[in-house]
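Trainee: Sending over a structure as structure tokens; questions will come in a sec.
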Amino acid sequence: MSTTAPYYHSTGKEEEVFEHACRNKIPILLKGPTGTGKSRFVEYMAYKLNKKLLTISCHEETSSTDLVGRFILKGAETTWLDGPLTTAVKEGFIIYLDEIAEARPDVIVAIHSLTDHRRELFVDKLGKTFKAHEDFMLVASFNPGYQRGFKELKPSTRQRFVALTFNYPEADHETEILVNETKLEGSVAKKLVAIGGKIRNLTELGLTETVSTRLLVDAGKLIHSGLPKRLSVRVAVNEPLTDDPEVLAALNDLSDLLI
Ligand code: ADP
């Protein structure tokens with residue numbers, strides 16, 4: 001566990017909600033686009049509540065075996081190796097399943113009995129059921145993405161969680177985050193935030209995902225380390241957003257004007 005608190009700028013009542021959900025042993029679902037501070041929030045809360053955190057970034061290959069554990073060959077013998085979920089259940093850690101909807105469906109099945117009053121994990125390969133430790137906590141994140149082809153999460157799964165929405169912070173908050181994360185001058189951070197705000201409003205560009213705080217932080221870091229401002233925004237913000245030459249040209253024109 002780190003010795004200094006991770007920097008997290010609260011945007012609402014999320015800390016209180018997390019603490020109460022934790023106290024009442026209710027899992028938490030963090031909803032929102034990528035780069036809006038969900039992972040940082042979980043790191044911060046783990047620090048605040050003095051709990052160990054295990055994070056799993058889920059992708060389409062993530063299976064329940066990856067989480068629960070597997071038999072491995074050691075010389076001539078097979079031994080059982082707990083996966084991160086089993087470890088967290090036994091030791092009372094927070095497990096954070098980042099982008100849970102991306103994982104294989106058997107992951108949802110595996111966490112089922114952990115997300116209700118039973119709070120237990122059935123490990124079929126061992127034929128054993130483990131009761132969750134008092135301090136065990138399940139947190140998951142999910143990018144709703146609406147009609148943009150992201151994977152959905154079934155209502156029956158969602159209703160097992162307390163849910164919090166994350167979004168792009170207000171301009172003042174976002175400027176503060178940039179200054180803290182990049183040590184950039186306030187006036188330059190403000191300009192980056194203005195670029196972010198403008199691009200977020202350009203729905204006609206048809207971007208799959210728009211500018212996240214993460215992209216602005218990256219641009220801020222490049223500027224702070226001495227890369228020219230316009231180039232920094234082009235490579236850290238505009239290029240990651242699109243491969244379409246026309247859209248890219250439009251974004252570059254816009255950002256050049258604003259910084
Ligand atoms: P997500 O998990 O939602 O994809 P992250 O937590 O990884 O996003 O956030 C991406 C980056 O954006 C962080 O590394 C941090 O620099 C910055 N960030 C976004 N929101 C916040 C916030 N509220 N407080 C502090 N940093 C933030």
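Trainee: Can you pull out every residue in segment 1-33 that is open to solvent by less than 70 Å² (accessible area, probe 1.4 Å), closer than 22 Å to Asp172 by Cβ and in a helix (DSSP H, G or I)?
Mentor: Listed by number, the residues that qualify are Glu14, Glu15.
Trainee: So which of Leu202, Leu215, Leu207 is modelled with pLDDT of 95 or more and open to solvent by less than 80 Å² (accessible area, probe 1.4 Å)?
Mentor: Leu215
Trainee: Give the residue, chosen from Ala140, Ala101, Ala189, Ala132, that is within 16 Å of Ile56 (Cβ to Cβ), in contact with a helix residue (DSSP H, G or I) (Cβ under 6 Å, 6 or more places away or on another chain) and either without any contact (Cβ under 8 Å) to a residue 24 or more places away in the chain or crowded, with 18+ Cβ neighbours inside 10 Å (or both).
Mentor: From the options Ala140, Ala101, Ala189, Ala132, the qualifying one is Ala140.
Trainee: Which count do you get for residues in segment 87-98 that are among the β-branched types (Val, Ile, Thr) and either open to solvent by 60 Å² or more (accessible area, probe 1.4 Å) or in contact with a helix residue (DSSP H, G or I) (Cβ under 6 Å, 6 or more places away or on another chain) (or both)?
Mentor: 2
Trainee: Now, a different point. Which one is nearest to the ligand (Cβ to nearest atom), of the residues in segment 1-33 that are closer than 22 Å to Ile177 by Cβ, of a type in the set (D, E, K, R) and out of contact with any helix residue (DSSP H, G or I) (no Cβ under 9 Å at 6 or more places or on another chain)?
Mentor: Lys13
Trainee: Restricting attention to segment 136-176, which residues are under 19 Å from Phe18 (Cβ atoms) and not in a loop (DSSP other than H, G, I, E, B)?
Mentor: Selection gives Met137, Leu138, Val139, Ala140, Ser141, Phe142, Arg158, Val162, Ala163, Leu164, Thr165, His173.
Trainee: Sort out for me the strands (runs of 3 or more DSSP E) sitting completely within segment 34-86 that have 2 or more residues that are open to solvent by 40 Å² or more (accessible area, probe 1.4 Å) and within 16 Å of the ligand (Cβ to nearest atom).
Mentor: Fully inside segment 34-86 and qualifying: 53-57.
Trainee: Could I ask something else about it? Quick test for you: out of Thr62, Thr78, Thr129, pick the one residue that is among the hydroxyl-bearing types (Ser, Thr, Tyr), at pLDDT 95 or above and farther than 30 Å from Tyr7 by Cα.
Mentor: Result: Thr129 is the single residue among Thr62, Thr78, Thr129 that is among the hydroxyl-bearing types (Ser, Thr, Tyr), at pLDDT 95 or above and farther than 30 Å from Tyr7 by Cα.
Trainee: Further, regarding this structure: Look through Glu204, Glu239, Glu209 and report the one residue that is over 30 Å from Cys22 (Cα atoms) and touching a Pro at 6+ places or on another chain (Cβ under 7 Å).
Mentor: Glu209
Trainee: Between a residue in segment 31-48 that is closer than 14 Å to Glu99 by Cα and any residue that is of a type in the set (Lys, Arg) and near the ligand (Cβ under 6 Å from one of its atoms), which pairs come within a Cβ distance under 9 Å, given they are 6 or more apart or on different chains?
Mentor: Hits for this filter: Lys31/Lys38; Gly32/Lys38; Thr34/Arg214; Gly35/Arg214; Thr36/Arg214; Gly37/Arg214.
The values are calculated or read from the model by the stated rules, or taken from the named source; none is laboratory data. Predicted model, so just to flag it, every value in this text is computed and none were measured. Note that each Cβ is placed from the backbone with ideal geometry, even for glycine, and that neighbours are counted across all protein chains shown. All accessible areas refer to the heavy atoms of the entire protein, side chains included, with ligands and DNA or RNA removed. Shrake-Rupley method; radii C 1.70, N 1.55, O 1.52, S 1.80 Å.
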